[in-house]
Amino acid sequence: MSQAEVQASAPKGREAASDVRLPPRERDQPQQTVSRRTTVRGTLFGNELLTTFRRWRTLALLGVLAAVPILIGIAIKIETGDGSSGVGGGPGGGGGPAFISQITNNGLFLVFTALAATLPFFLPMAIGVIAGDAIAGEASAGTLRYLLVAPAGRTRLLLTKYATTLTFCLVATLVVALSALTVGALLFPLGDLMTISGTSISFTEGLGRALLIALVVAASLIGVAALGLFISTLTSSGIAAMATTVGLLITVQILDQIPQLHALQPYFFSHYWLSFADLMREPVYWDDLVKNLGIQAVYAAVFGSAAWARFTTKDITA
């Protein structure tokens, strides 16, 4: 063989040797996927955020959440098109009905109504899907083992997945709030608003309370996120983890409505969800708000610890 032929064949030999050193599953993956799993572009948290929010499933969930305030606003506008202002609900009291009765007078109340309408089901369902797929989805896709290579360990990966889910909690809540604010401004008047207690506050202060309510609603979902993450560590099927998480959410919501279980209901993660309405009182009632945040912290600690104990001792085969 001539020297020119030897030189021409050398690079191919190096490429072949490099390809042999890759695990079989990784050799079969597209080069873009391999580079995302084995190199650090920015931070692990940044990569997880980018991966999560690029998925069509995530975008579809956010789209559904954004559509809820639009449907509520249009329905109320049609209902009150004859000039009447009654759309159900009574004065005083917290939750959606009291807010609905005020939307025609001030579009800002659509923000509170939309959050009250999505919090019992739509928001926790979306969080359950994202959290349930966090670990199990990677396992079913066969990429979990490659996420655990240096510099990412199991604890770091689990914390990153939980932080990504909490970020989705905040983004999803803000999507609902911003969609409602936009629709409310387009369909109804804006200005000073009346609190549940009957006192008047400025529009600027009302915006501040709307933001605070959105943050409280997002914080109300951290227990669901931890529960979903724990379930995700129990199985290698993303669909099974998502279905189980959503099923538990529905079950707890049903149990929270049964009067005979009143002794247990204060310990359900959903029991104080609608306490955010107390932020629209003057003065603000903090008791249920503090209980809600305390319950969420307990659920996050218990199921977060359970997820860590399970994931750090789990045999990773995919």
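Every read-out reported here was derived from the displayed coordinates using simple, explicitly stated rules and does not represent laboratory data. All values derive from a computational prediction rather than experimental measurement. Neighbour counts are summed over all protein chains in view; Cβ atoms, including those assigned to glycine, are modelled from backbone coordinates with ideal geometry.
Observations on the model:
- Computed extension gain for Ala240 through Val149, at 0.36 nm per residue and net of the alpha carbon distance, reaches 30.2 nm.
- Approximate spin-label separation Thr80-Gln265, in nm, with each point projected 7 Å along Cα-to-Cβ: 3.0
- Over the range 139-296, relative contact order from alpha-carbon pairs under 8 Å, at least 6 apart, %: 24
- Euclidean distance between Cα centres, the range 278-318 to the range 192-240, Å: 13
- Full extension of the chain between Val284 and Phe53 gives 79.6 nm of extra length, using 0.36 nm per residue less the Cα-Cα distance.
- Within the range 243-309, chymotrypsin sites (Phe, Trp or Tyr not before Pro) in DSSP loop having at most 14 other beta-carbon neighbours inside 10 Å: Trp286
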